[in-house]
Structures are given as structure tokens and as C-alpha cells.
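> Okay, here's the structure, questions in a sec.
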2 protein chains.
Amino acid sequence: MSLATARRATAYRSRLDSEPLVVPRREPVVWGDLDGPIAPDDLVDYDRRGFLTVDQLVDTGEVAVLQDEAFRLAADPELATTELVVREPDSDQVRSVFDIHRVSDVFADLVADERLAGRARQILGSEVYVHQSRVNFKPGYRGREFYWHSDFETWHGEDGMPAMRAVSISVALTENTEVNGSVMIIPGSHRVFVGCVGATPERHYRQSLRSQQVGVPDDDNLARLVGEHGICQITGGVGSALVFDSNCMHGSNSNITPFARSNLFIVYNSVDNPLGTPFAGTPPRPEFVAHRTVHPVGRR
Amino acid sequence: MSLATARRATAYRSRLDSEPLVVPRREPVVWGDLDGPIAPDDLVDYDRRGFLTVDQLVDTGEVAVLQDEAFRLAADPELATTELVVREPDSDQVRSVFDIHRVSDVFADLVADERLAGRARQILGSEVYVHQSRVNFKPGYRGREFYWHSDFETWHGEDGMPAMRAVSISVALTENTEVNGSVMIIPGSHRVFVGCVGATPERHYRQSLRSQQVGVPDDDNLARLVGEHGICQITGGVGSALVFDSNCMHGSNSNITPFARSNLFIVYNSVDNPLGTPFAGTPPRPEFVAHRTVHPVGRR
């Protein structure tokens, strides 16, 4: 019995059984105007590279509260019995906790904070809502890699997000260094959509949140992107932030150092870009990874 | 039927079934005098940190020859049927080729070259021979980590190397960058021996050369070492070299970039430190990972 529904027509075709297609992006990167917390030069950089960084988006005292809350959620015995807690592929260590803004007042306040929501609105040019929220722990010693991927590739195919009109904000809860598996981005990769080869397994999210193997670029196209644009490794202190487009190709290496590399990760989608039927022809993923109800956050 | 022989008494006890012991190093780090290619200041650094780097040990034209030879060996159909070729734990890609100085005239010449052998003699204060040689390819895309380990821990326990009187020289065949899984060393870690917990499985090398899980430090002692000394990531261009003590705690993260991180790795042991019966009580490993016949290399 297959739960698959019909594959929908889209310019952004993926999960293919044939050669991967690379197509140009059709949407703008910056949808809004200059009204907001991001300086004009930084917006230009964001448009060109697909991301920007903020040295201290959240101050150290606030981060301490966020850290405590993240560890509380990771150790919560009730949450541990739910799908919200995802463990490493080869150990019981917590890799991620999802939907943190729904299970914690601390994180509910944070996602509505103007420092985050205001930047998202400015880039997306509309009111915004939270598509997904999580904390990634990337534990020390045996923290495993996140292979290269475009988030939009999954959100389009598996969640039915129509357009590239979402932005992710990642806030460092621990120092992100050159050796503890910090995020790497291919700058400029947000301007092309790389279709991926391979059918989507049923309930793919259960595997892909631990170790993604479908919905990742083929070696040749990855090499071409990196050859053209290079790789930026995003390091930063506690409280620093990375703001990046939904279609950036990004990933991270493993972490054998004793230092966990823990980041909050909040995805804002435009209220004008609500989810529909998934384009890959699979059933929608559950709400904790992809909210289907649009609740605008914060206040303009 | 167990092939195990008796465990031998040693101050450097490992593969324990109880709490790990950390004991101070008993041997000098630098055994020789100032006569040799290493400058006095660099020798002092080596003594203190357990390693030194050389910006351009081998020039670019020579590296091109070494690269070609390494790729020829990796693709050699006869070698492919032997244990000399080790593949990645989760793919058929070549992770290492061992005993390269025995199967290739190019590498036989290199191990006897004064730029390498001269440095080894100067540090070890005697004639030297090759204990082990290999090329590590660390392929791009899906190159896996090498977990933290002290080489001496294995060579003492599994090969019967009596004393910390060996030195490894690693030569970069490709650029070693901050993002393609370059070697990390804990400076100063060479001054303590960290005993490891866990019995040695039979023919352990068949597993450990792909992914080492026995003979690695426990989390607490690793955290203590890193807390005290920090981590140095060793980056460098093609032809650069890392010279490091047999007891340095080192490892490397995975490599999801398209850029292979390929290094030659030659271990020189003092002719006054020949292998005996393994201290872990296991049968000796095969010659291709641990030569038991002492053939001094090069000329003073």
C-alpha cells in the first residue's frame, strides 16, 4: 500500500529517476525594501551570497537562558517519547529537538523577537510565520555530519512549499569554531535549483533527520557549484547568527572534538507562500517539521 | 580458539577492563643532538608540542610525481586483491594504501630522502627504519573521520614497540584546508600515555584501519587533555609536512567537501627500538602495517 499522491508539475523537479536537472532560480532573493534592521550593504551581500552573518544577534546573558532551555528540552522525559527528539544515527545522543517554539515559552518569545522576525520580514517582504524550529546539538566526540543539501529542495518536494520565499536564522548556543563541525555554505548556490536523483522513501523524514541520503546533490553538480563559488565556513561566538536563504547549498562535517556545536534554527516562511500538496507526490510531513497553519509572528 | 598470547608487563597499560590509567611519559621526546636539518628553535617546539610543520618539504613538481604514483597504486588491480588497500567503512572508495615504500620505487626513494630520514634521525638520535608507510586518501564527499588516537598506544599494544622512540612524517599530496578534514593534534598530549578501555578483538587491524573503536581515549580524559592544551588544526599547501611524535593524540573530522585530503604517512622507528612481543597479549599484526625486520634507511 503506497501513501503516495500524484507528483505535481513544477519547474523545480527533484527526486528524479533520471539525470539531475539544474535550473535557474525564478524568484527574487530579497523581496522586501530597506525598511528593517538589516543595513543596505548587508542586504546586497545577502542577495549575492545567499546569507549574512550577525556577530552578536543575542547577547551572552540571553544565550545562557536559551542554552538552559535547550538542555532542559533535550532531557525532558515526556518529549523523549515523541518524534520531536531526534537522536544521532549511531548513538543515543540527542541530535535535534524540533518544534521548540511550540513546547517552550522561552523559544516562543524568541521567534517573535524583532531581531529575528524583523530581519525575516525585511528579506521576505511580508508578514512571516514559523515553518519549522529546532535546536541542533551536534554533540562532541561523535557528532555526525549533515551532508550537503538545499532546505528548499526538501520543503518543496516533501512539504509543498511553493516558492523560494523562506529564510532560516541560526543562532549559536556554543562557539562555532573551525574544528567542531561548523556550517559550510556554498555562496551563490541559492541562485540555482539542483534537482536530486532518487525516489523519496515513505516517512522519509524519520531517516533524513538523522542522516540524509535522498534529496542530496550528485557529486558532479556539487563539484561544479564549489568550483564556481567556493565554500564559506561560518564560525562565530555564542550569540552570533547566520541568516540564510532557503535554497542555499549547505552542510557540515562531523565533530570529534569534545565541544558540542549547538545552534538554534528557526525557519520563517512568508505568509504569502503557504504549504500545499507536496511536489514529490508523497504525503505531507508532520506538523512538527513543517507547519501547515499560518500564524504570523511578532508585530510590525 | 584464541590466538592471544600472554599480556606483557609495561608501564603503558592499555586495552583495560577497568578505569583508564593516565601515566607520564618516561622517554625523552628529542633523542638526538642539533646535528640535522631541523633548526634548534623548531626542535624546542617539537619537544614542547610534540610536532612541527614544514611549509614546503617537497616541491610542487615532485608532489605531482608522488600524486600520480599514489593514484596508480590505488587503482592497481593486483594490489586491490591484497590487504594493502583499505576502503572506507561505508563505501568502496580507497581510504588508504599501505606499505607503499615496498611496492613502489618512487616511495622507496622518498622514505630514504634526507629531507625526511634526516629529520627522523635527528629527532630519534639513531639510525632509523620504516615501521609503516601509507597514503591516506580521505576522499571528498563521503570521507570519514579518523577518531582521536595515539599511534604509540596501538604500536605498543598490538605491535610490541617498546618505547616512544618513533616519529611520523605526513606529506600533503593535496591542500589540507580548514574544511576538508585536516589533521587535528592536541599539542602537549605526547607527554602522557592515556590507557584505553576495552579488549582487543582478534585481527583488530582489519576493522581499526577502516574505523577505530578500540584503542581510543575515553571522553573524560580526552576532554581533560583538550581543556589543558587545546586543539591545533594542521592546514598546509601541497608539499607541506607534519612531523609528529608517536604518542601525540590526533584525529580528523569527516570530509564532505569535493576536495580529497590526501597525505603520505611514513613512520620512522629507531633501530634501537625494534618490535618485540605485543604488550596487549595479541598476536603481532602483519608486516604491511608493522615491519619486524630492521632495515636502516638512507645514509648519514
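The values are calculated or read from the model by the stated rules, or taken from the named source; none is laboratory data. Since the structure is predicted, the reported quantities are computational estimates derived from the model, not experimental observations. Because the Cβ atoms are built from the backbone with ideal geometry, glycine has one as well, and the counts that use them run over all protein chains shown. Each accessible area value is taken on the protein alone, full model and side chains, heavy atoms only, with ligands, DNA and RNA left out. Shrake-Rupley method; radii C 1.70, N 1.55, O 1.52, S 1.80 Å.
> Would you point out which residue out of A:241, A:199, A:223 is more than 10 Å from chain B (Cβ to nearest Cβ), open to solvent by 20 Å² or more (accessible area, probe 1.4 Å), over 26 Å from residue B:226 (Cβ atoms) and small (Gly, Ala, Ser)? Walk me through it before giving the result.
Details: A:241 fails: open to solvent by 20 Å² or more (accessible area, probe 1.4 Å); A:223 fails: more than 10 Å from chain B (Cβ to nearest Cβ).
One residue alone meets the criteria, A:199.
> Then there's this: Kindly establish whether residue B:258 is more than 18 Å from the chain's Cα centre (by Cα) and open to solvent by less than 40 Å² (accessible area, probe 1.4 Å).
Numbers: more than 18 Å from the chain's Cα centre (by Cα): yes; open to solvent by less than 40 Å² (accessible area, probe 1.4 Å): yes.
When the stated conditions are applied, residue B:258 passes them.
> Go through the stretch A:105-121 and give me each residue that's surrounded by 22 or more Cβ atoms within 10 Å (Cβ to Cβ) and out of contact with any Pro (no Cβ under 6 Å at 6 or more places or on another chain).
A:107, A:110, A:111, A:116, A:117, A:120, A:121
> For residue A:290, are the conditions met, namely being away from chain B (no Cβ under 14 Å), touching a residue at least 24 places away in the same chain (Cβ under 8 Å) and surrounded by fewer than 24 Cβ atoms within 10 Å (Cβ to Cβ)?
Numbers: away from chain B (no Cβ under 14 Å): yes; touching a residue at least 24 places away in the same chain (Cβ under 8 Å): yes; surrounded by fewer than 24 Cβ atoms within 10 Å (Cβ to Cβ): yes.
Considered against the rule, which asks whether it is away from chain B (no Cβ under 14 Å), touching a residue at least 24 places away in the same chain (Cβ under 8 Å) and surrounded by fewer than 24 Cβ atoms within 10 Å (Cβ to Cβ), residue A:290 comes out as yes.
> To continue, here is another question. Yes or no: the stretch B:47-58 includes at least one residue that is open to solvent by less than 50 Å² (accessible area, probe 1.4 Å) and free of Cβ contacts under 8 Å to residues at least 12 places away in the same chain. Spell out the reasoning first.
Kept after step one, since they are open to solvent by less than 50 Å² (accessible area, probe 1.4 Å), are these residues of the stretch B:47-58: B:50-52, B:54, B:57-58.
Adding the requirement that they be free of Cβ contacts under 8 Å to residues at least 12 places away in the same chain leaves none.
Within the stretch B:47-58 (the criterion being open to solvent by less than 50 Å² (accessible area, probe 1.4 Å) and free of Cβ contacts under 8 Å to residues at least 12 places away in the same chain), the answer is no, since none of the residues qualifies.
> Another one. Within the stretch A:71-88, track down each residue that is under 19 Å from the mean Cα position of the chain (by Cα) and open to solvent by 30 Å² or more (accessible area, probe 1.4 Å).
A:83, A:87
> Looking only at residues that are closer than 27 Å to residue B:278 by Cα and over 15 Å from the mean Cα position of the chain (by Cα) in the stretch B:123-144, which one is farthest from the other protein chains (Cβ to nearest Cβ)? First the steps, then the outcome.
So in the stretch B:123-144, the residues closer than 27 Å to residue B:278 by Cα come out as B:123-136.
Then keep just the ones that are over 15 Å from the mean Cα position of the chain (by Cα); that gives B:123-128.
Details: B:123: 26, B:124: 29, B:125: 33, B:126: 34, B:127: 36, B:128: 30 Å.
Taking the candidates together, the pick is B:127.
> Still on this structure, I have one more. Name the residue, out of A:12, A:46, that is under 24 Å from residue A:236 (Cα atoms) and out of contact with any Ser or Thr (no Cβ under 8 Å at 6 or more places or on another chain).
Numbers: A:12 fails: under 24 Å from residue A:236 (Cα atoms).
A:46 is the lone residue from the list that is under 24 Å from residue A:236 (Cα atoms) and out of contact with any Ser or Thr (no Cβ under 8 Å at 6 or more places or on another chain).
> Okay, moving on. Can you confirm whether the stretch A:203-212 contains a residue that is open to solvent by 20 Å² or more (accessible area, probe 1.4 Å) and either within 14 Å of chain B (Cβ to nearest Cβ) or within 18 Å of residue A:10 (Cβ to Cβ) (or both)?
Checking the stretch A:203-212: at least one residue is open to solvent by 20 Å² or more (accessible area, probe 1.4 Å) and either within 14 Å of chain B (Cβ to nearest Cβ) or within 18 Å of residue A:10 (Cβ to Cβ) (or both).
> Further question: For residue B:230, all conditions in the list (1) on the phi > 0 side of the Ramachandran plot; (2) modelled with pLDDT of 95 or more; (3) open to solvent by 10 Å² or more (accessible area, probe 1.4 Å); (4) touching a strand residue (DSSP E or B) at 6+ places or on another chain (Cβ under 9 Å) hold save one; what is the number of the exception?
Answer for residue B:230: the failing condition is (4).
> Which one of these is open to solvent by 10 Å² or more (accessible area, probe 1.4 Å) and in contact with a strand residue (DSSP E or B) (Cβ under 9 Å, 6 or more places away or on another chain): B:95, B:102? Step through it out loud before you land on a result.
On the way: B:95 fails: open to solvent by 10 Å² or more (accessible area, probe 1.4 Å).
That would be B:102, the only listed residue that is open to solvent by 10 Å² or more (accessible area, probe 1.4 Å) and in contact with a strand residue (DSSP E or B) (Cβ under 9 Å, 6 or more places away or on another chain).
> Could you please find all residues in the stretch B:131-146 being open to solvent by 10 Å² or more (accessible area, probe 1.4 Å) and modelled with pLDDT of 95 or more?
The answer is B:134, and nothing else.
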